[in-house]
1. Of all helices (runs of 4 or more DSSP H) completely enclosed by the stretch 115-186, which ones contain at least 1 residues that are touching a Gly at 6+ places or on another chain (Cβ under 8 Å) and at pLDDT below 90?
2. In the stretch 100-114, which residues are modelled with pLDDT of 85 or more, crowded, with 20+ Cβ neighbours inside 10 Å and of a type in the set (A, V, I, L, M)?
3. I need every pair where a residue in the stretch 217-231 that is closer than 11 Å to residue 203 by Cβ has its Cβ under 7 Å from the Cβ of a residue that is at pLDDT below 85 and part of a helix (DSSP H, G or I), sequence separation at least 6 or different chains.
4. Of the conditions (1) of a type in the set (Gly, Ala, Ser); (2) at positive phi; (3) touching a helix residue (DSSP H, G or I) at 6+ places or on another chain (Cβ under 6 Å), residue 209 fails just one. Which one is it?
5. Does residue 18 satisfy the condition of being surrounded by 13 or more Cβ atoms within 10 Å (Cβ to Cβ), modelled with pLDDT of 70 or more and either over 17 Å from residue 223 (Cβ atoms) or more than 23 Å from the chain's Cα centre (by Cα) (or both)?
Amino acid sequence: MTEPHLPEPPGSPRLLRPREVGEILTDSLALYGRHWQNLIVIVAVVVVPLSFAQVLVTRTWAGGGPARADIGTAVLGSLIVAVTSVLMWTVLTGAITRAAAGTFLGRDLDLGDSYRFGLSRFWSIVLIGVLSALAIAGGFVLLVVPGLIVLTRLTCVIPALVIEDRRGTAALRRSWDLVRGRGWPVFGTIIVAGFITGVVNGALTAPFGDNWAARSIGASIASVLTMPYTALVGVFIYLDLRVRKERYSAEDLERDLASSAA
């Protein structure tokens, strides 16, 4: 493992420096390539079982014979799978963001460390998720443009929680302040990253046509492959803003991660 205080070569994706939109996207991919095994495993351990459970419950509900007669059990099973999915995705959000941040210090966080952190911040992630969703929905209710502005300004809420341990409205304010003045580049980055992940998702689900079960499995594979990249892009955006505005360094990142883990 490379020590964080050692100088990185000029082309290293781990080097904390200001980056333009294209550099964030390409360096996210490069860093993903270095740590893809651990990043994918962190996502797959949640996504794959949930996907198979969802397919099983749906096929039971839609199937014939005795299974069809027990619709109440199928509905209850679907509800349990849905609630479990929301809860596990909440833990996964914290775990994968933490792992993504650690890659900038040359670390491959193991599965246990990542999920322990996600579980420890469970309710904090739920809270800022709800607050962000309400704020973005309120913006879209007013008009599309205000909704996009709010969406852009709240891009850094999860990194602010995971790296700085900012919670609740403090995480929202932190993200809003960081993005201020850099709205267009941040908006462009999340749009292009969303397009890239959308293409991957489409490529993995389109071949299955109307086969819902197969498409669900394809979508789960797409999530396993794209979620680490999305998390890295989010962390890159956050770090880029801190470097530009606060001269943030690898030593600062190491200190923040150690402090937020306490």
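The values are calculated or read from the model by the stated rules, or taken from the named source; none is laboratory data. Quantities reported herein were computed from a predicted structural model and do not represent experimental measurements. Methodologically, a virtual Cβ is constructed for each residue, glycine included, from the backbone with ideal geometry; neighbour enumeration extends over all protein chains shown.
1. Ranges flagged: 122-142, 144-153.
2. 100, 101 - these are the residues of the stretch 100-114 that are modelled with pLDDT of 85 or more, crowded, with 20+ Cβ neighbours inside 10 Å and of a type in the set (A, V, I, L, M).
3. Going by the 7 Å Cβ cut-off, the qualifying pairs are 218/205; 218/208; 222/205.
4. Status for residue 209: all satisfied but (3).
5. Considered against the rule, which asks whether it is surrounded by 13 or more Cβ atoms within 10 Å (Cβ to Cβ), modelled with pLDDT of 70 or more and either over 17 Å from residue 223 (Cβ atoms) or more than 23 Å from the chain's Cα centre (by Cα) (or both), residue 18 comes out as no.
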